[in-house]
Amino acid sequence: MKTYKLLLLPGDGIGPEIIGEIEKLVRFYREAGIADFATEKALIGGASYDAYGAPLTGKTLKLARDADAVLLVAVGGPKWAGVPFDKRPEAGLLGLRKALGLFANLRPAICYPALADASSLKPELVQGLDMLIVRELIGGVYFGEPKEIVTLENGEKRAVDTQLYTTHEIERIARVAFELARKRAKRVTSAEKHNAMKTGVLWKEVVTRVGADYPDIELNHIFVDNCGMQIVRRPKQFDVIVTDNLFGDILSDVAAMTTGSLGILPSASLGETDPATGKANAMYEPVHGSAPDITGKGIANPIATLSSLSMAFRYSFDLPEESDRLEKAIAGALAKGLRTADIAKPGEATVNTSQMGDAIIAALKESLA
Ligand code: IPM
Ligand code: MN
């Protein structure tokens, strides 16, 4: 049985409650003789700020670098609303993504059959939906310099963020999108805003050039505002969408909601593969946030984080069968009617975090029997 080094970063809010379910799953895989995980746990975000005065410490960063994969739940919350901008919980997350070089953020929007009627869209629009947003994660307006608020001579303030992309940053994310499309429905849609932005002009140019290396993949370009509209109009028209950091942040929330709940969707953030070792840094996170409104109640939906672990099986641990098995177990628990509060219809019976986790492990056991 192989041992994988997995760093658990619960973060803030519902993070610690959800990590408990991951720990149960890790025990299950060990006892079933499928895989062993050498897990470590570390602080990030507000929890790290409270303990060390910084949202990301060298210790957490080192553990992340040493791990085969990092699993992070969420950071942030109203408790840290007043902390300085560079010490806010989100700065820890952004700093970790940047330090690990995690440029490719994969955000699938998949509709579990049992949840088609939980969507705010008509069930027939989302039944069978399987789209993948490939978001550039360590460039663009999140990181471009200057990034500041200055006071002008007349006393007015001026805030600047800089949207900035270089050729190679666009090239490498485009390649990820085309490679992934090859294993899917072979369609890439590149979303930008070349009618108003220079970065959009370069983005389109570079993606087109990279696309020439992939004659088997159909490439379309779309203005990102239209893309948002098309996602809520007819989401199934998309296979892979490739887009920049900020647009990807927005589109992935929109796409996620078409599937019924933010509480069920995972993501993978991947760095470049080191040619010497074949290893790539990787972090897996649910798309949802730290949910301060339900923190401590034990009712958060663990599915997005469990599904993120399933992405780790696929992209970091080379265990695609286990990835499929875990996804099937999640779908199975949902098909049995188990619902946490976020995906329950009014009046429907709900289960808590731990019950959902147990049901998924039970489904896994069944599939092995
Ligand atoms: C996300 C989040 C982060 C982002 C925040 C917490 C900085 O919204 O992962 O989508 O904007 O990237
Ligand atoms: Mn977001």
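Computed from the coordinates by the stated procedures, all read-outs in this text should not be read as laboratory data. Computed from a predicted structure; not experimentally measured. Reconstructed Cβ throughout: ideal geometry from the backbone, glycine too, with neighbour counts over all protein chains shown.
Brief remarks follow.
- Distance between modelled label sites at residue 208 and residue 124, nm, 7 Å Cα→Cβ extension: 3.8 nm
- Residue 150-residue 297 pseudo-label distance in nm [points 7 Å out on the Cα-to-Cβ vector]: 4.7 nm
- Were the residues from residue 321 through residue 85 laid out at 0.36 nm apart, the gain over their Cα-Cα distance would be 80.7 nm.
- Helical mean residue ellipticity (222 nm; -39500 (n - 2.57) per DSSP H run of 4+; nearest 500) of the chain: -12500 deg cm²/dmol
- The residue among 185, 133, 231 whose Cα reaches farthest toward the positive pole of the charge dipole of the range 130-258, with charges on the beta-carbon of Lys, Arg, Asp and Glu, is 185.
- Dipole check for the range 219-359: with +1 at the C-beta of Lys and Arg, -1 at the C-beta of Asp and Glu, and the Cα centre as origin, the magnitude is about 540 Debye.
- With 0.36 nm allotted per residue and the present C-alpha distance subtracted, the residue 5-residue 172 stretch has 57.5 nm of extension available.
- Spatially proximal lysines relative to residue 193 (Cα-Cα < 18 Å; intrachain offsets below 8 disregarded): 204
- Paramagnetic reach from residue 65 (point 7 Å along Cα→Cβ, amide N under 12 Å) across the range 250-270: none
- With both labels modelled 7 Å from their Cα along Cα-to-Cβ, the residue 369 to residue 335 distance reads 1.5 nm.
- Among the trypsin sites (Lys or Arg not before Pro) found in the range 112-221, those both in a DSSP coil and sparsely packed, with 11 or fewer other Cβ atoms within 10 Å of their Cβ, are 183.
- Taking 164, 93, 106 as the candidate residues, the one with maximal mean-square fluctuation in a Gaussian network model of the chain, Cα springs under 10 Å, is 164.
- The C-alpha radius of gyration of the chain, expressed as a fraction of 2.2 N^0.38 Å, stands at 0.98.
- Checking the cross-link pairs 41/87; 41/183; 24/183 against a 23 Å limit on the alpha carbon distance flags 41/183; 24/183 as lying beyond it.
- Between the range 329-361 and the range 264-305, the alpha-carbon center distance in angstrom: 20 Å
- Dimensionless Rg/Rh of the range 130-258 - Kirkwood Rh, Rg from C-alpha atoms: 1.04
- Spatially, the range 124-164 and the range 1-71 are offset by 28 Å when compared through their Cα centroids.
- As computed over the range 77-156, the Cα convex hull volume per residue (Å³): 192 Å³
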